[in-house]
Amino acid sequence: MQKIKAYLNLCRPITSVAGSLAVILGGYVAGTGEWGNILLAALATLLSTGSSNAWNDCLDIEIDRVNKPQRALPSGRITVREAWIFSLCLSGIAVLLGALISPLAFVVILGCNALLYLYSWKLKSTVLFGNATIATISGTTAILGGVAAGNILPVLSIALIIAIVNLAREVLKTMADYEGDISQQVRTIATVWGQKKARILFVGILSFGFFILLLPYLLDQFALAYVIILAIGIYPVLVYVLLQARSNAPAAKLDKLATLLKYDFFIWFAAVFAGAAV
């Protein structure tokens, strides 16, 4: 049982489930009713995200000994070899599921898996490019839902929202991980530009996200219910995070704010479902 819990910790289930929900969201907005393919794509995304998290932890084990010692690898609950094998198995199954959906879905899932591995290996220690890669892949999860459903166009606006808000969160995470990253000479926005400039960029991107969130409503894709949920459940959280994410804030607090943004996405998912349903 302890081993199973360790593998689940390695996958980071909440992040993985969020990606799968984005696929379902995209399929729902596409409106074709191809739920068999959409659910296969959601499962493939769940496995791909878990695979990339495991691979990332293998490469970041020394950084995590400083930033997140409670994780499965730095705590010794799983060996690096076990994590590698686990990661490759999850990724392989995800790609096979993509082949069952359609040739385009296969290409999208294979490409995202390759980028995720490349990110952990090389792109993570880059200034902004790695963050932009993760944000793009996050947005692609919604597009995958449209691909699986056979109707991509209506999904593009929500894919853009996911990408922009995730980019802001990625920048915030570089601030939270500053101590561990600088101890291992990892190049990120925070370690290269400094915490203050990283915060300015974070505030700029997330503020832009305020306006992008309204895009589906302005395009007449969603009903007023979408905006109401934004006003009640999304915008207050974004304002709180913007005010609390100071450049001199403790790493633990910044990490909690990044987690809060992740949870806030679930409320946004509800807003999309409500807005598209009316």
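Any idea what the relative contact order of the chain is, in percent, if you count C-alpha pairs under 8 Å spaced at least 6 apart? Intermediate values should be presented prior to the final figure.
Working: 425 pairs, mean separation 56.5, N = 278.
So the answer I get is 20 percent.
What is the magnitude of the charge dipole of the chain about its Cα centre, with +1 placed on the Cβ of each Lys and Arg, -1 on the Cβ of each Asp and Glu, and no other charges, expressed in debye to the nearest 20? It would help to have the intermediate numbers written out before the result.
Numbers: 20 positive and 13 negative charges, 143 e Å.
Computed about the Cα centre, the dipole is about 680 debye.
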- Query: trypsin sites (Lys or Arg not before Pro), restricted to the range 224-278: which are DSSP loop and have at most 15 other Cβ atoms within 10 Å?
  - Reply: Arg246
- Where a label projected 7 Å from the Cα of Ile267 along Cα→Cβ would reach, residues of the range 232-248 with amide N under 17 Å: 232-245
- Message: Need one number: the % of Cα-Cα pairs in the range 134-240 sitting beyond the 22 Å mark.
- Response: 42 percent
- Message: Once R0 is set to 30 Å, what does the formula 1/(1 + (r/R0)^6) return for the Cβ-Cβ distance between Leu110 and Lys253, expressed as a FRET efficiency to the nearest 0.05?
- Response: 0.20
- Note on the structure: For the range 31-89, whose charge dipole is built from +1 on Lys and Arg Cβ atoms and -1 on Asp and Glu Cβ atoms, the candidate among Cys58, Leu40, Cys89 with its Cα farthest towards the positive end is Cys58
- Task: Using only the alpha carbons, work out the radius of gyration and Dmax of the range 105-163 in angstrom.
- Result: 12.1, 36
- Query: Considering the dipole of the chain built from charges on the beta carbon (Lys and Arg +1, Asp and Glu -1) around the Cα centre, which of Pro154, Leu73, Gly130 is farthest to its positive end?
  - Reply: Leu73
- Label-point separation (nm) for Ile182 and Val80, each offset 7 Å from Cα along Cα-to-Cβ? 2.6 nm
- The ratio Rg/Rh over the Cα atoms of the range 63-183, Rh being the Kirkwood inverse mean 1/r radius, stands at 1.02
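Regarding the chain, what whole-number volume in Å³ per residue does the convex hull of its Cα atoms give? Write out the running numbers ahead of the final one.
Values: hull volume 32.2 nm³, N = 278.
Here the figure is 116 Å³ per residue.
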- Relative packing of peptides 153-163, 267-277 - highest average C-beta neighbours within 10 Å first: 153-163, 267-277
- Query: Just the C-alpha atoms of the range 1-62: what Rg/Rh do they give, with Rh taken as the Kirkwood radius?
  - Reply: 1.11
- Query: Ranked highest first by average number of other Cβ atoms within 10 Å, how do 3-12, 19-28 line up?
  - Reply: 19-28, 3-12
- Query: When the helices in the chain are scored as -39500 (n - 2.57) per DSSP H run of 4 or longer and the sum is shared across all residues, what 222 nm value do you end up with, to the nearest 500 deg cm²/dmol?
  - Reply: -25000 deg cm²/dmol
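Just so you know, all these numbers are worked out from the coordinates, no wet-lab data involved. Note that the structure is predicted; figures quoted are calculated from it, not measured. Neighbour counts run over all protein chains shown; Cβ positions are idealised from the backbone, glycine included.
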